[in-house]
Amino acid sequence: MALHTPQGSVVIIGAGTQGRRLAYMWSSRGGSVYLVDLNQQQLEDGLKYVQQLRTEATQHSGNWGDVHISTPNSLESILQSAWLVVECVPENLALKQKILSQLDTLAPSNTIIASNSSSYGIGEVIEGMDLKCSSRLLSAHCYWPPETSAIELMGHADTDPTLIDLLFGQCEKHGFSPFRVRQSSIGYIYNRIWAAIKRETLLALSEGICDPEEIDAIFKDVLKTPKGPCEQMDVVGLDVVLDIEKHYADARSGLPSEPQEYLHKMIQDGKLGVKSGSGFYDYKADRHQD
C-alpha cells in the first residue's frame, strides 16, 4: 500500500469515553468525524461532550470539523469516504475481532483500520482471522486525550510501515503526542511498565511489607503524581486489573501468582474499587456525603 495524503473523514466505532474524546481530537483541524454506536443516547451524550470540550478549549486556532453521529446501519456508506477508522469498543476480544472483520470487509482498501485496545495488540486480535487486507491494520492506543495526549502506534508482522509513518504525522498535527512501538509488545510501552508497578505493589502488599496508604504516599512523594498505584487501581476497578494481570501471566512464564491471589481475595470480599464503594480504600462515606 502506497503512502498517501489523507483525504476524507475519520470514523470512530464506539461513542464511550475514549471514542468521544477521539472525535474531539480528530475534528480539531477541520476534518469530518463520524461517531458510530448502537446506543442513541450514548451518541447524543458523546456529541454534547465534544461540544463541551470545544467550549473549554482556550488555545485552539482554526476551524473545527463536523462531528456526525450514526448507528451501524449506515456504516458501509460512511466508510467509503474514510481514510481512517478506529475501533473503540469494550475490551472484549471476540467483540473486537467481530468489528475488525466487518471493517476489513466494508472499508475501501486504502482505509487504515486501527484498534484502540489497551489490553490486546493488533497481532493478538487478528490472529487466526481471515482478512482481505491485513497490511492496513494496526494499533493506535491512546490514554485520555485531550487531558493526556500520548498515543502509541504499533503494527503487526504484516503492517505496512508507511502507514505507521503517515498516522504518526497526522497524530502530531491533531494534538497527540505519538510514540512508536517498534516491536510487538503486550501493554505497548506505558502499560507494560505500569503493569510491573501494579504487580510489585500487589506483591509487596501480599508479603505484608506495607499497607496501601504507605505505598501511595511514598509513590506520590517521590514521583509527584496525584495518585499512587493503589488509588489508581481502585479507579480502574480491581476486577479489570485482575483480568489484565491474567492476560500478562498467560503470555509470559515466571510471573508470580501472589498478585492475582491477592486481587482475587479482595474481589471475593466485594472490593472492586471506586465502583463498588470499597477497594484498597473505603469510598462509601464519600458517596453518603454526595
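The values are calculated or read from the model by the stated rules, or taken from the named source; none is laboratory data. For clarity, every value in this text was computed on a predicted model and none was experimentally measured. Cβ coordinates were reconstructed from backbone atoms using ideal geometry, including for glycine residues, and neighbour counts include every protein chain displayed. These area figures cover heavy atoms from the full protein model, side chains too; ligands, DNA and RNA do not enter into them. Shrake-Rupley method; radii C 1.70, N 1.55, O 1.52, S 1.80 Å.
Tabulated data
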item: Flag if Lys48 is of a type in the set (D, E, K, R), modelled with pLDDT of 95 or more and open to solvent by less than 40 Å² (accessible area, probe 1.4 Å); result: no
item: Near pairs, Cβ below 7 angstrom, 6+ apart or cross-chain, from the range 42-64 (under 13 Å from Ser27 (Cα atoms) and of a type outside the set (Asp, Glu)) to any residue that is surrounded by 14 or more Cβ atoms within 10 Å (Cβ to Cβ) and at pLDDT below 90; result: Leu53/Pro146
item: Some residue of the range 13-25 being under 30 Å from Asp158 (Cα atoms), assigned by the TED database to the domain that holds Gly175, basic (Lys, Arg) and part of a helix (DSSP H, G or I); result: yes
item: Check on Lys98, without any contact (Cβ under 8 Å) to a residue 60 or more places away in the chain, among the charged types (D, E, K, R), assigned to a helix (DSSP H, G or I) and assigned by the TED database to the domain that holds Val50; result: yes
item: Helices (runs of 4 or more DSSP H) within the range 194-290 that include 2 or more residues over 22 Å from Glu91 (Cα atoms) and at pLDDT below 95; result: 284-289
item: Positions within the range 125-159 being touching a residue at least 40 places away in the same chain (Cβ under 8 Å) and over 17 Å from Leu103 (Cα atoms), in sequence order; result: His141, Cys142, Tyr143, Trp144, Pro145, Pro146, Ala150
item: Flag for Leu238 being more than 24 Å from the chain's Cα centre (by Cα), crowded, with 16+ Cβ neighbours inside 10 Å and in contact (Cβ under 8 Å) with a residue 24 or more places away in the chain; result: no
item: Hits in the range 164-187 - residues which are surrounded by 19 or more Cβ atoms within 10 Å (Cβ to Cβ) and either touching a Lys or Arg at 6+ places or on another chain (Cβ under 6 Å) or closer than 20 Å to Arg21 by Cα (or both); result: Leu167, Gln170, Cys171, His174, Phe176, Pro178
